[in-house]
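Beneath this line is the structure, given in structure tokens, with notes to follow.
The values are calculated or read from the model by the stated rules, or taken from the named source; none is laboratory data. Please read all numbers here as calculations on a predicted model, not as lab measurements. Neighbour counts are summed over all protein chains in view; Cβ atoms, including those assigned to glycine, are modelled from backbone coordinates with ideal geometry. Just so you know, the surface numbers come from the protein's heavy atoms only, side chains and all, with ligands and any DNA or RNA stripped out. Shrake-Rupley method; radii C 1.70, N 1.55, O 1.52, S 1.80 Å.
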Amino acid sequence: MSDINKIYAGPGIFTWGINADGTEESDAITIDLTQGGINFTTTTTYFEPTVDQTGTAPVKSIVTGTTGAINFETPDMDFEKVVSYNPNASKVIDGDTPAKVKYQVTGLAGKELPRKRAVIKPQGITDPSRFIYIESVGIKFDMNAAFVLDNNLRLTVAAMAYPDVNATPKGLLYTWGDITATA
């Protein structure tokens, strides 16, 4: 029988830069203001061979890989955070007036996204069984600034979760629950 006490709701917090023991790295980025919630989804691809006798109907499915995606919008317009995870973003401090700062984003190809472990935690929850640790996350940042009458300015955050070939078990994508649990 299902347990209605295990139906969860509420906003989440995203932190990028988590150590193996679940603590935050010294330069971790936390985004705790979201609009529309945080979505974490996985996508698995398959090779599905056919034989002449079954036509285009596959005879079996073989997993070829799984990735994850984290998507949300935030009204947190702190570009210091963007500079940390976007290799095309930089901060310029005026040489004469240090209080004058600008952020620049270039559009050139060839820069690899930095990857770090991340965690999604429900707001106000301290029970680690409710946390989702994503092993290797690169944040794909694209501006989607809307200046409209009846809404606020916000940034769109789309992150990619990659299987970590150096993790145990090899290829670890995410951990649901207490990351410190051992076998």
- Specify the residue that is farthest from Tyr162 (Cα to Cα); the eligible residues are those in the stretch 35-84 that are touching a residue at least 12 places away in the same chain (Cβ under 8 Å) and of a type in the set (Asp, Glu). Asp76
- Query: Going by the conditions given, is Val92 in contact with a strand residue (DSSP E or B) (Cβ under 9 Å, 6 or more places away or on another chain), surrounded by 10 or more Cβ atoms within 10 Å (Cβ to Cβ), assigned to a strand (DSSP E or B) and at pLDDT 95 or above?
  - Reply: yes
- If we keep just the residues of the stretch 56-74 that are within 21 Å of Phe141 (Cα to Cα) and open to solvent by less than 40 Å² (accessible area, probe 1.4 Å), which is nearest to the chain's Cα centre (by Cα)? Ile70
- Item | Single match in Ala159, Ala183 (criterion: out of contact with any Asp or Glu (no Cβ under 9 Å at 6 or more places or on another chain), surrounded by 12 or more Cβ atoms within 10 Å (Cβ to Cβ) and among the aliphatic types (A, V, I, L, M)) | Ala159
- Within the stretch 111-128, can one find any residue that is over 30 Å from Pro11 (Cβ atoms), at pLDDT below 95 and not acidic (Asp, Glu)? yes
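Going by the structure shown, is Tyr133 open to solvent by less than 50 Å² (accessible area, probe 1.4 Å) and aromatic (Phe, Trp, Tyr)?
On the way: open to solvent by less than 50 Å² (accessible area, probe 1.4 Å): yes; aromatic (Phe, Trp, Tyr): yes.
Criteria met by Tyr133.
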- Selection from the stretch 1-55 of residues touching a strand residue (DSSP E or B) at 6+ places or on another chain (Cβ under 7 Å), open to solvent by 40 Å² or more (accessible area, probe 1.4 Å) and not polar (S, T, N, Q) yields Tyr8, Gly10, Pro11, Glu24, Glu25, Asp27, Asp32, Leu33, Gly36, Phe40, Tyr46, Phe47
- Message: Pull out all pairs, ordered by first then second residue, where Cβ-Cβ is under 7 Å, the residues are six or more apart or on different chains, the first lies in the stretch 15-34 and is under 11 Å from Lys121 (Cβ atoms), and the second is of a type in the set (Lys, Arg) and open to solvent by 30 Å² or more (accessible area, probe 1.4 Å).
- Response: Ile18/Arg117
